[in-house]
Amino acid sequence: MTSHLNTISFLVSQKGKPVSVKDNFIYKLNKTTNSTKYYRCAEQSCTVTLHTDLNDVLVKVKGDHSHPPEPDEIEIRKFKQNLKQRAIQETVPIPKIYDEESSRFCLTSLSIAILPAQREIAGSLNKSRRLQTPVIPDSQTFDIPEVYSKTLKNEPFLCIDKFIRRKTRLLVFTSREQLTLLFESSIIFMDGTFSASPSIFDQVYSLHGIKYQQCFACAFGLLPDRKKPTYKFLFQELKNLAAEMNLCFNPITIMSDFETGLAEAIHSEAVYRHIQTLGLSQEYNNNKEVRLICRKLMALSLLPLHLVIQSFDDLFELILQAPSNKFDLLKPLFNYFDNYWIKQVDLKNGMFSD
């Protein structure tokens, strides 16, 4: 039988080769000449052929199929093709893509019965995604593809890309809108993550601003180390960006986990800096008991609000029972902490854990 109906659609096979679909039958491309593409039924024992011109316009179908049509198999192929396209083009986690496409496709009960589970198909999808992803560099001297330096709106996303020293690079990713929020915030939060950092950098560093009484991530940096000059360089670059935008980066309050390099770079009145101011650095470094008490004092900000004052009192009782020389040594530090962090700072403003 020869058919001239021109309803035909196309898919891509798992190996990336063109596949045509007509009347719920699947055809694989067999060969191409100067004027015609020849397709053969995907069922190996079936001899039906389909011809199109080079513009994929159906010319004819020759023969009769020896098997029933496969509408459910076609739906599964379309589903897999969409999964693969999204896995390649997007950075959304594979399980989420699978769930979204499963909900979007109105699959029949039979299609659902033969639908591969997410764990069965995840391996091939991850492989397809890796083939499109640049190889992870082994040094900081590498080029950044444009797709990673622009937002989805094609606006700049890589705002700082500088070498602090030879082969020591600092990157900051953020949008203009995020920078505006950061520069207009009187309170900012900063935090470094080391476990998630690429091996060629030391940490992923994030800066957060406050708007509508909510905390928003504003900038993400890849830092080469945790040294004071690096933090100072980062802050100066942010100030330069603020000036270019006719804004000012001068937050009133900076909140971060304790880190010596950061504390020095932002000139904060952190506990350790006051330890230095009081001339306790040598005792802190050489005396285990003094160092332990100081660290407990620093850790008070990690406690739930209702435990902060009681824990501070317990620490103070501890030094009251210590020898007089140790009490005299630590009393100024406790007076500072009590007068400023306990009495002046509102414990509910985010300085301490909630």
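The values are calculated or read from the model by the stated rules, or taken from the named source; none is laboratory data. Keep in mind the model is a prediction, meaning the values are calculated, not measured. Positions of Cβ are backbone-derived with ideal geometry, glycine not excepted, and every protein chain shown enters the neighbour counts.
Some points to look at:
- Those residues of region 138-187 which are outside the structural domain of residue 227 (by TED's automatic domain parsing), modelled with pLDDT under 90 and outside any loop (DSSP other than H, G, I, E, B), in sequence order: 146, 147, 148
- Flag for residue 86 being outside the structural domain of residue 19 (by TED's automatic domain parsing), under 26 Å from the mean Cα position of the chain (by Cα) and part of a helix (DSSP H, G or I): yes
- Any chance residue 64 is in the same structural domain as residue 32 (by TED's automatic domain parsing), in contact (Cβ under 8 Å) with a residue 12 or more places away in the chain, surrounded by 12 or more Cβ atoms within 10 Å (Cβ to Cβ) and of a type outside the set (Lys, Arg): no
- Filter pass, residue 80 being among the basic types (Lys, Arg) and either closer than 17 Å to residue 15 by Cα or surrounded by 15 or more Cβ atoms within 10 Å (Cβ to Cβ) (or both): yes
- Within region 209-233, being without any contact (Cβ under 8 Å) to a residue 24 or more places away in the chain and either in contact with an Asp or Glu (Cβ under 8 Å, 6 or more places away or on another chain) or assigned to a strand (DSSP E or B) (or both) holds for one residue alone: 214.
- Filtering region 95-113 for residues that are within 23 Å of the chain's Cα centre (by Cα) and either in a loop (DSSP other than H, G, I, E, B) or among the β-branched types (Val, Ile, Thr) (or both) leaves a non-empty set.
Okay, residues lined up against (1) surrounded by fewer than 16 Cβ atoms within 10 Å (Cβ to Cβ); (2) at pLDDT 90 or above:
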{"site": "16", "(1), (2)": "yes, no"}
{"site": "30", "(1), (2)": "yes, yes"}
{"site": "45", "(1), (2)": "yes, yes"}
{"site": "48", "(1), (2)": "no, yes"}
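- Near pairs, Cβ below 9 angstrom, 6+ apart or cross-chain, from region 142-163 (in contact (Cβ under 8 Å) with a residue 60 or more places away in the chain) to any residue that is among the hydroxyl-bearing types (Ser, Thr, Tyr): 159/174; 159/175; 160/174
- Scanning region 34-68 for residues being under 20 Å from residue 12 (Cα atoms), of a type in the set (S, T, N, Q) and not in a strand (DSSP E or B) gives a total of 2.
- Residues in region 326-354 that are at pLDDT 85 or above and loosely packed, with under 13 Cβ neighbours inside 10 Å: 328, 335.
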